[in-house]
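A short write-up of the structure that comes next.
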Amino acid sequence: AGTLGKWGFYGSLRIGNFDDDMQLLSGSFTAGATKHIFSAGIYRLHGYLGAGIGDYFNKLDVEAGITNVLFDRLTVTLGMEYPGYYLDFVFGIGVVL
């Protein structure tokens, strides 16, 4: 959830899998900034950059990516997340309220 203006902010919570061996839940909690990049007709492109805690909620997590707003309502997000020792890709679909 966040704002998409010339500059904005966001907060993100992602829940992954439960690891039976480690008895831990994976995921991340991050917050950051958004920046409007480009507009053309029905499309608006925004970038985002944030940091928080990830992996098993125990490591620094950095993420970056782009969000494309279509028809002023639908968002499609593509990004990457780096929780310390591997790179994870993130894809999301959302709605602008």
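The values are calculated or read from the model by the stated rules, or taken from the named source; none is laboratory data. The structure presented is a predicted model; accordingly, all values stated were derived computationally and were not measured. Counting neighbours? That spans all protein chains shown, and the Cβs are built from the backbone with ideal geometry, glycine included. Side chains are part of the model used for accessible areas, which takes the heavy atoms of the whole protein and leaves out ligands, DNA and RNA. Shrake-Rupley method; radii C 1.70, N 1.55, O 1.52, S 1.80 Å.
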Solvent-accessible area per residue for the chain (1.4 angstrom probe, square angstrom): 65 Å²
- prompt: Relative contact order for segment 31-76 using alpha-carbon pairs under 8 Å, separation at least 6, rounded to a whole percent?
  reply: 33 percent
- line: Highest mean packing first, using Cβ neighbours within 10 angstrom, the peptides 45-54, 19-28, 72-81, 58-67 sort as 45-54, 58-67, 72-81, 19-28
Candidates per trypsin sites (Lys or Arg not before Pro) in segment 1-42, loop by DSSP, up to 15 other Cβ within 10 Å: LYS6
- prompt: Between LEU60 and ASN17, 0.36 nm times their residue separation minus their Cα-Cα distance comes to what?
  reply: 13.6 nm
query: How large, in percent, is the carbon and sulfur part of the accessible surface of segment 11-77 at a probe radius of 1.4 Å?
result: 65 percent
field: Rel. contact order, % - alpha carbon contacts under 8 angstrom, at least six apart, the chain
entry: 18 percent
task: Figure the gain on full extension for ILE93 and LYS35 (residue separation times 0.36 nm, minus the Cα-Cα span) and round it to one decimal in nm.
output: 19.1 nm
- request: Only residues of segment 61-97 count here: report those whose backbone N is under 19 Å from the spot 7 Å along Cα→Cβ of LEU25, or say none.
  value: 61
